[in-house]
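Let me begin by presenting the structure, written as structure tokens, before commenting on it.
The values are calculated or read from the model by the stated rules, or taken from the named source; none is laboratory data. It should be emphasised that the depicted structure is a prediction, and the values quoted were computed from it without experimental measurement. All accessible areas refer to the heavy atoms of the entire protein, side chains included, with ligands and DNA or RNA removed. Shrake-Rupley method; radii C 1.70, N 1.55, O 1.52, S 1.80 Å.
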Amino acid sequence: MIVIMEYDHQYSTKKIKITYNDAPVYVKKDNEMNERIAESARIQYEKIKQRKKEISIPDDNESEYKVYNSEWDGSVYPVKLYLKKNLKDPDSYEAIEWSKVQKTNEGYMVRHKYRAKNSFGGYVIENKVFYLNKKGHVYRVN
């Protein structure tokens with residue numbers, strides 16, 4: 001997200017231009033409320049950016065992100081994030097087994113066996129191969 005103050009000469013008003021995920025959103029700066037909204041958005045973005053650095057989430061403009069197995073439980077953090085976002089019931093997720101991360105031409109791959117609830121509420125065991133690009137994002141699952 002990018003927050004830019006600009007002056008609109010046509011209407012003689014100041015505007016705050018907020019760009020989030022390359023989609024521009026304009027907020028007129030007619031009163032203090034809009035200033036607070038823009039400032040709140042900027043602060044929230046900075047908190048998210050700082051949090052991403054703390055937990056090592058790859059940024060889109062990073063050249064390469066090192067994908068590795070956790071020394072504690074063998075898990076791969078970007079894959080866990082992907083599963084939490086895409087499972088029907090993320091709270092039901094239980095890791096069973098992780099393979100070692102292998103480097104490929106496109107990035108990385110790892111096999112993961114896990115248990116989670118399906119759409120009908122029953123538990124199923126899945127054994128999937130996750131392919132991650134060089135930035136650490138999952139781009140394919142087999």
Expressed per residue, the solvent accessible area of segment 70-142 in Å² (1.4 Å probe) is about 65
In whole Hz, the Karplus estimates of ³J(HN,Hα) for segment 72-88 (6.51, -1.76, 1.60; θ = phi - 60°; x where Gly or Pro) are 6, 10, x, 6, 10, 4, x, 5, 4, 4, 4, 5, 4, 7, 10, 6, 4
So the pair-distance distribution of segment 63-112, from every Cα-Cα distance in 5 Å bins, comes to percents of 5, 19, 28, 24, 16, 7, 2
For Val101, the residues 5 or more places away or on another chain with a placed amide H closer than 5 Å to its own amide H are Asn69
Residues whose built amide H sits under 5 Å from the amide H of Tyr65, excluding neighbours closer than 5 in sequence, are Lys135, Gly136
